[in-house]
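The values are calculated or read from the model by the stated rules, or taken from the named source; none is laboratory data. Because the structure is predicted, anything quoted here is derived from the model rather than measured. Ideal geometry is used to build each Cβ from the backbone, glycine not excepted, and the neighbour counts take in all protein chains shown. Each accessible area value is taken on the protein alone, full model and side chains, heavy atoms only, with ligands, DNA and RNA left out. Shrake-Rupley method; radii C 1.70, N 1.55, O 1.52, S 1.80 Å.
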Amino acid sequence: MEVSIMKKKWMYYAACGLALLGLTACSSDNASGENASDNGGSDSLVIYSPNSEGLIGATIPAFEEKYGIKVELIQAGTGELFKKLESEKEAPVADVIFGGSYTQYATHGELFENYVSPENENVIKEYQNTTGYSTPYTLDGSVLIVNPDLTKGMNIEGYSDLIKPEIKGKIATADPANSSSAFAQLTNMLQAEGGYTDEKAWTYVKDLFTLIDGKIGSSSSGVYKAVADGEMAVGLSYEDPAVKLLNDGANVKVVYPKEGTVFLPASAAIIKNAKNKENAKKFIDFIISQDVQDTLGTTTTNRPVRKNAKTSENMKPIEQIKTLTEDYDYVIKNKSDIVKKYNEIFTDIQSKQ
């Protein structure tokens, strides 16, 4: 079956109103004075990306305008793109992959060029490039999305506050066995309650899913929509869409668990033997630069990774949030065991209903 892929040429976003970062302009003149001769003789860059239109629009047009480099963007799902990179490794088409989780990069290191940006030292320490090839540029955290009308009189500040009989059947979640955001919530709560192998933590999972009462959603989007629509009181969700709902005026609250929030990075990397390697380095530097990180934090719902980057009113500054660090290597190695244990607990709960 052929992979379905969207292919776009981003020229310069002709509309003057898209003057992101103050770097795009109505003219295609190169405002920075840099040209093809500064780019190793090339004025092209091929990017594979699973990212949203909002994130793409906040980065690629401004990059083109700043450097006079024409980007050919090929969009598809993360899994599809990594399979494509694997199939093309002897004759790479892309120069950069822009998007995807730590797991995907950590398990495909042979596909990438070693490159650590000079900007790396300005990234929050926990999210710096430590692999030598994958550069985090945004973070997404596990949050609780709460409907204030359906939780009146309840003080919901974290995971422990969900163990309330009055909200049985009113807690929304997707399936941790099939949804990446729901699995992230599972590992977040395990860390928060004692650790991935701690029996007390797994007892918490059992208590919580007893209250979830078998109401497992088919998608992560259904979780936050159900809370915003007043169908569910609380959802186990992630920051990006929850903050977007707040920005759009939805009647919800975003709660960062008092026990601690795990933020997982989205990364980018240069493809091994990329044809436009110097331009690819410029792009990696660009996406973690001060201007771009400030723009992501203030005009999108993607949390920046740079120290002291600006964020919007509805995106709580990371220094005000208690954070936990995922043991990425442990979770990658033991994911099937974690999912298996969750499935055993869920099946046992269902058998007793």
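Looking only at residues in the range 236-254 that are open to solvent by less than 20 Å² (accessible area, probe 1.4 Å) and within 18 Å of the chain's Cα centre (by Cα), the one that is nearest to residue 150 (Cα to Cα) is 236. Filter the range 41-92 down to the residues that are in a loop (DSSP other than H, G, I, E, B) and of a type in the set (Ser, Thr, Tyr), then identify the one that is farthest from residue 241 (Cα to Cα). Among residues in the range 41-92 that are in a loop (DSSP other than H, G, I, E, B) and of a type in the set (Ser, Thr, Tyr), the one farthest from residue 241 (Cα to Cα) is 42.
A quick yes/no check of all residues on (1) within 21 Å of residue 282 (Cα to Cα); (2) of a type outside the set (A, V, I, L, M, F, W, C); (3) open to solvent by 20 Å² or more (accessible area, probe 1.4 Å):
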| residue | (1), (2), (3) |
| --- | --- |
| 73 | yes, no, no |
| 82 | no, no, no |
| 89 | no, yes, yes |
| 98 | yes, no, no |
| 105 | yes, yes, no |
| 109 | yes, yes, yes |
| 116 | yes, no, yes |
| 124 | yes, no, yes |
| 130 | yes, yes, yes |
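Note on the range 295-310: residues that are open to solvent by 10 Å² or more (accessible area, probe 1.4 Å) and without any contact (Cβ under 8 Å) to a residue 40 or more places away in the chain total 4. Cβ separations smaller than 9 Å between residues 6+ apart or across chains give the following pairs from the range 152-168 residues that are within 22 Å of residue 323 (Cβ to Cβ) to residues that are of a type in the set (Gly, Ala, Ser) and assigned to a loop (DSSP other than H, G, I, E, B): 156/233; 158/260. The number of residues in the range 124-135 that are in contact (Cβ under 8 Å) with a residue 24 or more places away in the chain and either out of contact with any helix residue (DSSP H, G or I) (no Cβ under 9 Å at 6 or more places or on another chain) or assigned by the TED database to the domain that holds residue 228 (or both) comes to 2. The condition of being of a type in the set (Ser, Thr, Tyr) and surrounded by 24 or more Cβ atoms within 10 Å (Cβ to Cβ) holds for only one of 224, 204, 196, that being 224. Condition check for residue 37 on (1) open to solvent by less than 50 Å² (accessible area, probe 1.4 Å); (2) modelled with pLDDT under 95; (3) more than 17 Å from the chain's Cα centre (by Cα); (4) of a type in the set (S, T, N, Q): one failure, at (1). Filtering the range 112-126 for residues that are in contact with a Lys or Arg (Cβ under 6 Å, 6 or more places away or on another chain) and either at pLDDT below 95 or in a helix (DSSP H, G or I) (or both) leaves a non-empty set. For the range 311-347, a residue qualifies if it is over 27 Å from residue 300 (Cβ atoms), in contact (Cβ under 8 Å) with a residue 24 or more places away in the chain and not in a loop (DSSP other than H, G, I, E, B), and the qualifying residues are 329, 330, 332, 334, 335, 338, 339, 341, 342, 343, 345, 346. For the range 276-288, the count of residues that are within 19 Å of residue 140 (Cβ to Cβ), open to solvent by less than 10 Å² (accessible area, probe 1.4 Å), out of contact with any Cys (no Cβ under 9 Å at 6 or more places or on another chain) and not aromatic (Phe, Trp, Tyr) is at least one.
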